[in-house]
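Single-structure report; data block below.
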Amino acid sequence: HWTLLSVSLLNCLLSTACSVGLALAIALTIHSRGTHLVAGCNSSALPADARAAIATNDCPFNTTRIYDTALALWFPSMVLAAAEAVLSGRCSLAALIFEGIGPCARSYGKQQV
C-alpha cells in the first residue's frame, strides 16, 4: 500500500506540473500569436504572425502549420495530463484508506473501496 501511495502521489505531482506547463505554453503561444514558435528562424521574411508564416530555407522546419499543429497537440495533452492527475489523486486516496489514514479510513469508505 505504501508503494501505491508513493507512486500515485509522485505521478499526481508530475501530471499536475505537466498540465500547468502545457497551459502556460498554450497561453504564451496564443498571447504572442506564435512568434516564439518560429524564433529559431533567422529570416526577415517571416511575418509577425506565425499563422501566416511561409516556409523558408533559413528555418530548419516547415513553418506553414506550426501554430495550429502545436495548439492541436497541446490541448489534448493538457486535458489528458489533468485527467491523469485526478486519477492519480484518487489512487493515493485509496491507498490512504487502505492504510487507515485519512478522513474516510474508519467509516464506510474502507468497505466501499
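List every residue pair whose Cβ atoms lie under 7 Å apart, where the two residues are 6 or more positions apart in sequence or sit on different chains, the first residue falls within the stretch 16-31 and is of a type in the set (S, T, Y), and the second residue, located anywhere, is part of a helix (DSSP H, G or I). Between residues of the stretch 16-31 that are of a type in the set (S, T, Y) and residues that are part of a helix (DSSP H, G or I), the close pairs are T16/A85; S19/M78; S19/A81; S19/A82; S19/A85; T29/A70; T29/L71. In the stretch 90-106, the residues that are at positive phi form Cβ pairs under 9 Å with partners that are in a helix (DSSP H, G or I) and at pLDDT below 80, at six or more places apart or across chains, as follows: G100/K110; G102/G109.
Scan the stretch 64-98 for residues that are more than 30 Å from W2 (Cβ to Cβ), modelled with pLDDT of 80 or more and open to solvent by 50 Å² or more (accessible area, probe 1.4 Å) and the total you get is 8. With respect to the stated conditions, A25 is open to solvent by less than 60 Å² (accessible area, probe 1.4 Å) and modelled with pLDDT of 85 or more.
The values are calculated or read from the model by the stated rules, or taken from the named source; none is laboratory data. Keep in mind that what you see is a predicted model, and the values were worked out from it rather than measured. Using ideal geometry, Cβ is built from the backbone for each residue, glycine included, and neighbour counts are taken over all protein chains shown. Remember, those area values only see protein heavy atoms, side chains included, never the ligands or the DNA or RNA. Shrake-Rupley method; radii C 1.70, N 1.55, O 1.52, S 1.80 Å.
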